[in-house]
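In what follows, a structure is listed as structure tokens, so that the remarks can point back to it.
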Amino acid sequence: MSAKIGRWWEGNMFLALRELWFARSRFLMMGGVVALIAVLMVLLSGLSSGLVNDGVSGLKKLPVTAFAFAEGTKLDGAFSRSVVGAAQVDAWRARPDVAAAEPFGNLLVNAHSGSGVPIDLALFGVNSGSFLAPAVRTGVGLGPMDGLVVSRTALDAGLRVGDTVTIDRLGTRLTVIGATGEQHTFGHVDVAYVPLPTWRLIHAGARADSEVRSEVLTEATAVAVKARDGASLDLAAGDEAAGTTSVTLVESFGASPGYTAETSTLTLIQVFLYAISGLVVGAFFTVWTIHRKHELAVLRAMGASRTYLLCDGLAQALIILVMASAVGVLAGLGVGALVGGGAPFTLEAPSVILAGALLIVLGLLGAASAIIRIAAVNPLAALGGQR
């Protein structure tokens, strides 16, 4: 087997490597272009992952299978428009395919710390002790009515356990009693978990000592539904029984402010970059094939098969793409490491590997579309038969 591989390498790679060396300036220029595209792909991948985490990491961390909103609520802005009651929560709890169903509150508020620093928070109202209650790494978990568990990123921004946070216009004072160990954000705003009764008062615009309508004490934004292990949620049947409109957890990301527009824009940019990479590589090898047409005709006249010449051209393209993509990815990782914490930028290995692999595959497709011209090379051209 090793002897066969050696003969294949010697027969198919020798010419490719020789041409790469003797025309190295041209191939280096081509490789530089591919490397720059790879850098852009890594940076766009990091920006895309960072925006997703900054937009919906708070939702992603919830052990939820689906959210049930008020009936007829449109997805965009559902977390700010929907209101559900206790009867709808009970209806979902009674479902045989549901392990747990809890009222969930979501509200964006403006606040300020005890030192007067403005703070924007996404208040998640959850029942203490429920499956929605956050795990804390610093301080203690939810319990006191005025207790607040914040995202780790809020601590990075200067908030501390023990600080007092005052809700603007209401004057409601809350105390930071704990913090999560990971980033929890919603709509690019740090998440703060509060007991559901406290969230209801803030949502109603009431102070802790104010009288409110009795309905307010049972309202929530949505029903957070957790499926039984191994069971598949029948969302349509649940909606019919509870009078709600439900979506899966992943679908609920679209209700985060700006999420759909941001991800669609970055995806479109990435698609165009991938298309450009294929076109650039294809254009280069088209010109290169035309330039060496006479040499290819000589090889054909000497008995080289079309398959040999096609493998030779694809080997050149593969070597350039792999080496240039590797250099570009490493450079992109280096540039990404220099990005400051103020930008929503997160490098994730799967997305970076996918970007590099797609760049190589699409580049090979572009090169193959150009190298196929080799099949039309006439060996008589080497003998002057076409002059």
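No other residue among Ala204, Ala224 is under 24 Å from Leu142 (Cα atoms), touching a residue at least 60 places away in the same chain (Cβ under 8 Å), surrounded by 15 or more Cβ atoms within 10 Å (Cβ to Cβ) and of a type outside the set (Asp, Glu) apart from Ala224.
Results for (1) modelled with pLDDT of 90 or more; (2) more than 13 Å from Val223 (Cα to Cα), shown as yes or no for each residue.
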{"residue": "Val42", "(1), (2)": "no, yes"}
{"residue": "Leu51", "(1), (2)": "no, yes"}
{"residue": "Thr65", "(1), (2)": "yes, no"}
{"residue": "Leu75", "(1), (2)": "no, yes"}
{"residue": "Phe79", "(1), (2)": "yes, no"}
{"residue": "Val83", "(1), (2)": "yes, no"}
{"residue": "Asp90", "(1), (2)": "yes, no"}
{"residue": "Leu107", "(1), (2)": "yes, yes"}
{"residue": "Asn110", "(1), (2)": "yes, yes"}
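Yes or no: His188 touching a residue at least 40 places away in the same chain (Cβ under 8 Å), farther than 18 Å from Asp146 by Cα and surrounded by fewer than 21 Cβ atoms within 10 Å (Cβ to Cβ)? Full working, then the answer.
On the way: touching a residue at least 40 places away in the same chain (Cβ under 8 Å): yes; farther than 18 Å from Asp146 by Cα: yes; surrounded by fewer than 21 Cβ atoms within 10 Å (Cβ to Cβ): yes.
In short, yes.
Taking strands (runs of 3 or more DSSP E) that do not extend beyond segment 160-253, which have at least 2 residues that are over 17 Å from Pro103 (Cβ atoms) and acidic (Asp, Glu)? Walk me through it before giving the result.
On the way: elements: 164-167, 173-179, 189-195, 222-227, 244-248.
It comes to none.
Checking each residue in segment 240-259 for being surrounded by 15 or more Cβ atoms within 10 Å (Cβ to Cβ), touching a Phe, Trp or Tyr at 6+ places or on another chain (Cβ under 9 Å), under 19 Å from Glu71 (Cβ atoms) and of a type outside the set (A, V, I, L, M, F, W, C) picks out Thr244, Thr245, Ser246, Ser252.
Among the conditions (1) surrounded by 21 or more Cβ atoms within 10 Å (Cβ to Cβ); (2) without any contact (Cβ under 8 Å) to a residue 40 or more places away in the chain, the only one that Pro134 does not satisfy is (2). Of the residues making up segment 144-154, just one is within 30 Å of Phe345 (Cα to Cα) and open to solvent by 40 Å² or more (accessible area, probe 1.4 Å), namely Arg152.
Which condition from (1) modelled with pLDDT of 80 or more; (2) over 30 Å from Asp76 (Cα atoms); (3) touching a Ser or Thr at 6+ places or on another chain (Cβ under 8 Å) is the one that Leu266 breaks? If we test Leu266 against (1) modelled with pLDDT of 80 or more; (2) over 30 Å from Asp76 (Cα atoms); (3) touching a Ser or Thr at 6+ places or on another chain (Cβ under 8 Å), just (2) comes out false.
If only one of Ala343, Ala355 is part of a loop (DSSP other than H, G, I, E, B) and small (Gly, Ala, Ser), which one is it? Step through it out loud before you land on a result.
Numbers: Ala355 fails: part of a loop (DSSP other than H, G, I, E, B).
The match here is Ala343.
For segment 148-155, check the following and say yes or no: at least one residue is in a loop (DSSP other than H, G, I, E, B), closer than 24 Å to Phe79 by Cα and at pLDDT 90 or above. Taking every residue of segment 148-155 in turn, at least one turns out to be in a loop (DSSP other than H, G, I, E, B), closer than 24 Å to Phe79 by Cα and at pLDDT 90 or above. Residue count for segment 28-40 under the criterion of being modelled with pLDDT under 85 and surrounded by fewer than 20 Cβ atoms within 10 Å (Cβ to Cβ): the result is 2.
The values are calculated or read from the model by the stated rules, or taken from the named source; none is laboratory data. Fair warning: this is a prediction, and the values are worked out from it, not measured in the lab. Cβ sites come from the backbone with ideal geometry, for glycine too, and all protein chains shown count toward neighbours. We work out accessible area using only protein heavy atoms, side chains counted, and drop any ligands, DNA or RNA first. Shrake-Rupley method; radii C 1.70, N 1.55, O 1.52, S 1.80 Å.
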